[in-house]
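Worksheet for the structure shown next.
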Amino acid sequence: MLNRRLLRSKAVQALYASKIAAEANRLLANDEIADTYLPDLNSMLPQNHERLEGLKRLALLSLDDLIRKGDVNPDDDVPAEALQTARQAYDTYRKQNQKDRTAIVNRILKETEGIYDEFLRVLSLLLELAHQAQLDRERVVRAVPDEDEVVFPTASGLDGNGVIQMLKAHEPFEIEIIRRGISWSNDMAVVRKTYREALRTDLEYIEYCRQNEHTAVEDQKIAQHVLRNIVLKHEIPVEHFEQQDMYWEEHFEIIRTMAIKTIKSADTGKIQLSELTDDWDEDRFFVEELFKKAIENDAQYEGYLSDQLKNWDPERIALLDMIIIKAALTELIHFPSIPVKVTINEFIEIAKRYSTLKSGKFVNGNLDRLTEKLTKEGVIRKSGRGLIDNK
């Protein structure tokens, strides 16, 4: 399975995007109502502007009730015409929300699966750098080097490295690269610059290239060094990866672990490409279920939080903090096999990373109090591994 904190973060991102989309859909619904009550400029009959404005206001108020409560207050005595307009706008709003939520979750999951593409792209950069090393040494062999130029022996550059050769010859890697369309052909400027300014000037690599022959241990060591300190650390390739993947910082540790594990597998005599996860179906279900249950029970969570935060100014509470707390409540209530402490600690860390400086304490304090209250009321009930008290 993928790291659960990453999956929780993805669910929170989806909930946040869904909230923003819902607000945009609300504004569109308001516009729909406003358009309904515009004066008919083509009509030859006199227009009752006050009546139209009044119907518009009543329809907008009814729409607010429908969005908040799912129905209107029968005591409000709203004219049938305004109520029908509000219901039509609400139906459009609700359908668009559902469409947006499906698209958002699918996009988030696709981005998560895309981590594997970035992992392959990292490995393929090693091969591109090796090819640049080969071209560079061939050029040096054909030309008379400058007096202060480092001359690399003919068979000892990165392209002659046993680990890199093994990766290049690994058929499953080649197939995945082709199947997923991984290529540096449009980014050769980045490859050449990384080679010239990062790899070719690296002292450990220069020392490696001064030797005509290398042991398997030396090959593994330099391959690891280039991966860790050039490909995944130097500002030139890292800046490029960040431009390609807006979540690079979030995905980095997974990509790094997968790449290192793959390179290390060469010690067994055969490269083994790391898997993104051993159970994508379960990972996908976790994100989808966390997202779905949070949406379905939003009104219930609002009730819990309104009591909890009645003395707080709503404008002082970050939207993302509320979403994080609601996601945590979803896990606490609907995922009985996950211990309470695990859930609280994970969402505190998410708040610290993605929200404001004070969000960690805010989320921590509110979740502690809500957990105690909801456990006593029997709303939070754990079973199996969820009964573990992770102190």
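Here are the numbers for this structure:
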| read-out | value |
| --- | --- |
| Residue within region 71-80 that is crowded, with 17+ Cβ neighbours inside 10 Å, of a type in the set (D, E) and not assigned by TED's automatic domain parsing to the domain that holds Y247 present | no |
| Residue satisfying condition, being touching a Leu at 6+ places or on another chain (Cβ under 8 Å), closer than 20 Å to E302 by Cα, assigned to a helix (DSSP H, G or I) and not hydroxyl-bearing (S, T, Y), within set A11, A59, A86, A29 | A11 |
| Every residue from region 297-316 that is closer than 17 Å to D368 by Cβ and within 26 Å of the chain's Cα centre (by Cα) | Y301 |
| Which listed residue is farther than 30 Å from E275 by Cβ, among the polar types (S, T, N, Q) and outside the structural domain of D202 (by TED's automatic domain parsing), from Q134, Q88 | Q88 |
| Cβ-Cβ under 7 Å pairs, at least 6 apart or on other chains, region 153-173 side polar (S, T, N, Q), far side modelled with pLDDT under 95 and buried (at least 19 other Cβ atoms within 10 Å of the Cβ) | T154/R137; S156/C209 |
| Those helices (runs of 4 or more DSSP H) lying entirely in region 105-208 with at least 2 residues under 30 Å from E288 (Cβ atoms) and modelled with pLDDT of 95 or more | 115-142, 171-179 |
| Matching option when the condition is over 21 Å from A17 (Cβ atoms), modelled with pLDDT under 90 and surrounded by 12 or more Cβ atoms within 10 Å (Cβ to Cβ), among I338, I388 | I388 |
| Scan of region 239-273 for residues that are hydroxyl-bearing (S, T, Y), closer than 24 Å to L158 by Cβ and within 20 Å of the chain's Cα centre (by Cα), ordered by number | T257 |
| Count - residues of region 277-319 that are at pLDDT below 95 and aliphatic (A, V, I, L, M) | 6 |
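The values are calculated or read from the model by the stated rules, or taken from the named source; none is laboratory data. Note that this is a predicted model, so its numbers are computed, not measured. All Cβ positions, even for glycine, are placed from backbone atoms using ideal geometry, and neighbour counts span all protein chains on display.
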